[in-house]
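Here is the structure we will look at, set down as structure tokens.
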Amino acid sequence: MPSTLGVAPSSFTARSRAGRQWQRRFPDSTATFLDWTIDAVALLDHLAPAMRRARLSSRWMTNLTTNHPDALAQLDLLLGDGESMLDDGRVFLYVCPDCSDLWCGTISTELVVTRELVHWGAIGFQTPGRPPEIFAPAEHVTFARPQYENVLTELRLRFARRGGAEIVASAEGPVAQSRPRRRPPRPRAEEVVD
């Protein structure tokens, strides 16, 4: 049975020195980002044991924060549009909260889109130009494509319209407000056929 993708506000202010620096530089900001949720559980919480085994800190963030210049690019990549910034075509889920620079490392995934499903597989740590260090045991998740695309499309529309300010501030996020898609999902050139 496919999992349900969602987002929930999360703060990195208390978790890291970078968050505290962010708060000093932008006192009106809450240093909040939208974290991915899988069946209503934060993906960072789900990945925490594997990240500890890989000796990685738990301080990561998505680009889904108010006025982040790469928020739309991250959503486009997860929708299967655009070109990955990682050499092997993987898509990043999380970036460094200090600078959002891929060279500091990312938590990335293989993205496989079929007619009915979207699969995040072989989740692991990666920097550009190097192969990923896949978490053990292997972390992967599968979503129903219509639900997955509804969430990401709604996020993309709202970030494009207002820079994400009302989404990040909202405790409900776009999942509770997403509407069913009116037209069937559009096929993609790189789509895998079942």
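The values are calculated or read from the model by the stated rules, or taken from the named source; none is laboratory data. Quick caveat: nothing in here was measured; it's all calculated off a predicted structure. Because the Cβ atoms are built from the backbone with ideal geometry, glycine has one as well, and the counts that use them run over all protein chains shown. Accessible surface is based on the protein model in full, side chains and every heavy atom, while ligands, DNA and RNA are left aside. Shrake-Rupley method; radii C 1.70, N 1.55, O 1.52, S 1.80 Å.
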Mind checking which of Tyr148, Phe159, Pro128 is farthest towards the positive end of region 122-165's charge dipole, using Cβ charges of +1 (Lys, Arg) and -1 (Asp, Glu) about the Cα centre? Phe159
With label points set 7 Å from each Cα along the Cα-to-Cβ direction at Ala144 and Asp45, the distance between them in nm comes to 2.3
In nm, to one decimal, how far is the Ser58 label point from the Met85 one, both placed 7 Å along Cα→Cβ? 2.6
In nm, to one decimal, how far is the modelled label at Arg130 from the one at Ala160, with both set 7 Å along Cα→Cβ? 3.6
Note: region 58-132, point scatterers on Cα, Debye, no solvent; log10 I/I(0) at q = 0.21, 0.27 Å⁻¹ equals -0.92, -1.40
In whole percent, the fraction of accessible protein surface over region 38-107 that belongs to carbon or sulfur atoms, probe radius 1.4 Å, stands at 51
With +1 on the Cβ of every Lys and Arg and -1 on the Cβ of every Asp and Glu, and nothing else charged, how large is the dipole of region 49-138 about its Cα centre, in debye rounded to the nearest 20? 500
